[in-house]
Amino acid sequence: MHILLTGGAGYIGTHVMLCCLEAGHSVTVVDDFSNSSPKAIARVEALAGCRVVFHQGDIRDAALLDRVFQESKIDTVLHFAGLKAVNESVENPLSYYDVNVGGTIALAQAMGRAGVFRLVFSSTASVYGEQEKMPLTESSPIDDPTSPYGRSKRMVEQILEDHCASDPRWAIAVLRYFNPAGAHISGQIGEDPRGTPANLIPYATQVAIGQRAALSVFGNDYPTPDGTGVRDYIHVMDLAAGHLMAVDYLRMHMGYRVWNLGTGRGHSVLQIVQELENIIGKPLPTNFAERRSGDIAQCWADPARAERELGWRAQHDLNEMLADHWRWQKLNPKGYDS
Ligand code: NAD
Ligand code: UD1
């Protein structure tokens, strides 16, 4: 198959791209490099031993998308391109709605013009917002995401569901990722945050390597076993496998379907710190700080639907996830610019 990856140069896109190539698919990437580097694509090509077709540009550029679909006979689109920083989305909501919502509409319109009707969309556990009842199933309410970022993803889900209902030719898979972490085992590709990492694991590995003084643990008075926030961390290679299974599913099933991609297990911030300390073999400088505004206490997935319908289940545990993230950090202390 020929698969188009929007945002393919990013953290999750590079890992999925590698798995697509290793599975024998051809790949085209559209990315504007607003949050990534062309070096990431070169690394994937080196690991896979084959080339990809690449277009630098914006998914909101209709003429570019038309050219991309004319140039290659695309079967399925994996749509990663988007903005993902929660704080930034509070400060600049219009760009989040423009890129995440407007970009997806532009993409779906271009797909329609080209006669390509299979789409996998990167959504997030953020659509669930704060919930009492764990684990989260795909039927848990999504009425109240806590940020413009989360709301932009929820809006896209709704738009895609309406669009699918209006035209029976479409097959759309929405994957709600929980907390992606880890890297390919080679240490050649991984997460390369620009500036100060917002997420726990990249921040912690930057502390471990000495680039940052200490990890602030945001809040130790949550109603959780040790008072710190609990999340469902999922290895990026497990996410990648889930995408390939969704691609297969769409070959046989029309319509709209949503799946959680998580492990079904929650880990606290202090558990992450302890596991990382075991891996690096020394204490991680840590202090307690105020709760981060907008944070929820806990969140983990019920991944049963993905197992039942896609045959997908997370294979990597927390230790492997942190060891792989740490290997990537050590080998590439400054990310792709190392
Ligand atoms: P990323 O920022 O590493 O990758 C996104 C890619 O899209 C980048 O390469 C960026 O340059 C590109 N891009 C951004 N705007 C674009 C535009 N207008 N036109 C073309 N390219 C554009 O992010 P990621 O972590 O790989 O996330 C991929 C997707 O998964 C995103 O949609 C994100 O919202 C979603 N997601 C990510 C996480 C996470 O923690 N990483 C969690 C849940 C969902
Ligand atoms: C964040 C986003 C979420 C996005 C997800 C993807 C927020 C509020 N939410 O989720 O929308 O889908 O990333 O990965 O940003 N923590 C610390 N110290 C730090 C960083 C984090 O203690 O320096 C804690 C947080 O309080 C939280 C846990 O670590 O309890 C995980 O945080 P993070 O990695 O930022 O993920 P989320 O908050 O779950």
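The values are calculated or read from the model by the stated rules, or taken from the named source; none is laboratory data. From a predicted model like this one, the values you see are computed outputs, not experimental measurements. Quick reminder, even Gly has a Cβ in these numbers, built from the backbone with ideal geometry, and neighbours come from all protein chains shown. Accessible surface areas use protein heavy atoms only, side chains included; no ligands, DNA or RNA. Shrake-Rupley method; radii C 1.70, N 1.55, O 1.52, S 1.80 Å.
Within region 246-269, how many residues turn out to be of a type in the set (A, V, I, L, M) and either surrounded by fewer than 19 Cβ atoms within 10 Å (Cβ to Cβ) or on the phi > 0 side of the Ramachandran plot (or both)?
Number of matching residues: 2.
Among the residues of region 270-311, write down those that are within 16 Å of ligand 1 (Cβ to nearest atom) and either open to solvent by less than 40 Å² (accessible area, probe 1.4 Å) or under 19 Å from LEU136 (Cα atoms) (or both).
Within region 270-311, ILE272, GLY294, ASP295, ILE296, CYS299, TRP300, ALA301, PRO303, ALA306 qualify.
Could you please let me know if ILE41 is of a type in the set (Val, Ile, Thr), surrounded by fewer than 18 Cβ atoms within 10 Å (Cβ to Cβ) and within 14 Å of ligand 1 (Cβ to nearest atom)?
The answer is no for ILE41.
Could you tell me whether any residue of region 143-158 is away from ligand 2 (no atom under 11 Å from the Cβ) and open to solvent by less than 10 Å² (accessible area, probe 1.4 Å)?
yes
ILE172 - would you say it is within 16 Å of ligand 1 (Cβ to nearest atom), of a type in the set (Val, Ile, Thr) and part of a strand (DSSP E or B)? I'd like the intermediate steps shown before the answer.
Details: within 16 Å of ligand 1 (Cβ to nearest atom): yes; of a type in the set (Val, Ile, Thr): yes; part of a strand (DSSP E or B): yes.
Yes.
Among the residues of region 197-229, write down those that are in contact with a helix residue (DSSP H, G or I) (Cβ under 8 Å, 6 or more places away or on another chain) and either within 20 Å of PHE178 (Cα to Cα) or within 15 Å of ligand 1 (Cβ to nearest atom) (or both).
If the condition is that a residue be in contact with a helix residue (DSSP H, G or I) (Cβ under 8 Å, 6 or more places away or on another chain) and either within 20 Å of PHE178 (Cα to Cα) or within 15 Å of ligand 1 (Cβ to nearest atom) (or both), then PRO197, ALA198, LEU200, ILE201, PRO202, ALA204, THR205, VAL217, PHE218, THR228, GLY229 are the ones that fit.
Is it fair to say SER152 is more than 21 Å from GLY229 (Cα to Cα), assigned to a helix (DSSP H, G or I) and of a type in the set (Gly, Ala, Ser)? Show your work before the answer.
Values: more than 21 Å from GLY229 (Cα to Cα): yes; assigned to a helix (DSSP H, G or I): yes; of a type in the set (Gly, Ala, Ser): yes.
Taking the combined requirement at face value, the residue satisfies it.
Within region 5-38, how many residues are free of Cβ contacts under 8 Å to residues at least 60 places away in the same chain, assigned to a loop (DSSP other than H, G, I, E, B) and under 23 Å from GLU88 (Cα atoms)?
Matching residues across region 5-38 total 4.
This table checks each residue for (1) away from ligand 2 (no atom under 16 Å from the Cβ); (2) in contact with a Gly (Cβ under 6 Å, 6 or more places away or on another chain); (3) over 23 Å from ALA306 (Cβ atoms).
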site	(1), (2), (3)
ALA108	yes, no, yes
MET111	yes, no, yes
THR124	no, no, no
GLU161	yes, no, no
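Of all residues in region 4-26 being within 17 Å of LEU64 (Cβ to Cβ) and more than 9 Å from ligand 1 (Cβ to nearest atom), which is surrounded by the fewest Cβ atoms within 10 Å (Cβ to Cβ)?
Filtering first and then ranking leaves LEU4.
How many residues does region 57-71 contain that are within 12 Å of THR28 (Cβ to Cβ) and open to solvent by 60 Å² or more (accessible area, probe 1.4 Å)?
The qualifying residues number 3.
Restricting to region 89-106, name every residue that is touching a residue at least 24 places away in the same chain (Cβ under 8 Å), within 15 Å of ligand 2 (Cβ to nearest atom) and open to solvent by 40 Å² or more (accessible area, probe 1.4 Å).
Result: VAL90, PRO93.
Please go through region 175-223 and pick out each residue that is more than 8 Å from ligand 2 (Cβ to nearest atom), part of a loop (DSSP other than H, G, I, E, B) and among the polar types (S, T, N, Q).
Result: SER186, GLN188, THR196, GLN211, ASN220.
Out of the residues in region 1-13 that are in contact with a helix residue (DSSP H, G or I) (Cβ under 8 Å, 6 or more places away or on another chain) and away from ligand 2 (no atom under 16 Å from the Cβ), which is farthest from ILE189 (Cα to Cα)? Explain how you work it out, then say what you get.
Residues of region 1-13 in contact with a helix residue (DSSP H, G or I) (Cβ under 8 Å, 6 or more places away or on another chain): 1, 3-12.
Still in the running and away from ligand 2 (no atom under 16 Å from the Cβ): 1, 3-6, 8-9.
Working: MET1: 24, ILE3: 20, LEU4: 19, LEU5: 16, THR6: 18, GLY8: 12, ALA9: 10 Å.
Among residues in region 1-13 that are in contact with a helix residue (DSSP H, G or I) (Cβ under 8 Å, 6 or more places away or on another chain) and away from ligand 2 (no atom under 16 Å from the Cβ), the one farthest from ILE189 (Cα to Cα) is MET1.
Search region 205-241 for residues being under 20 Å from the mean Cα position of the chain (by Cα) and open to solvent by 30 Å² or more (accessible area, probe 1.4 Å), and hand back the single one that is nearest to ILE272 (Cα to Cα).
ARG231
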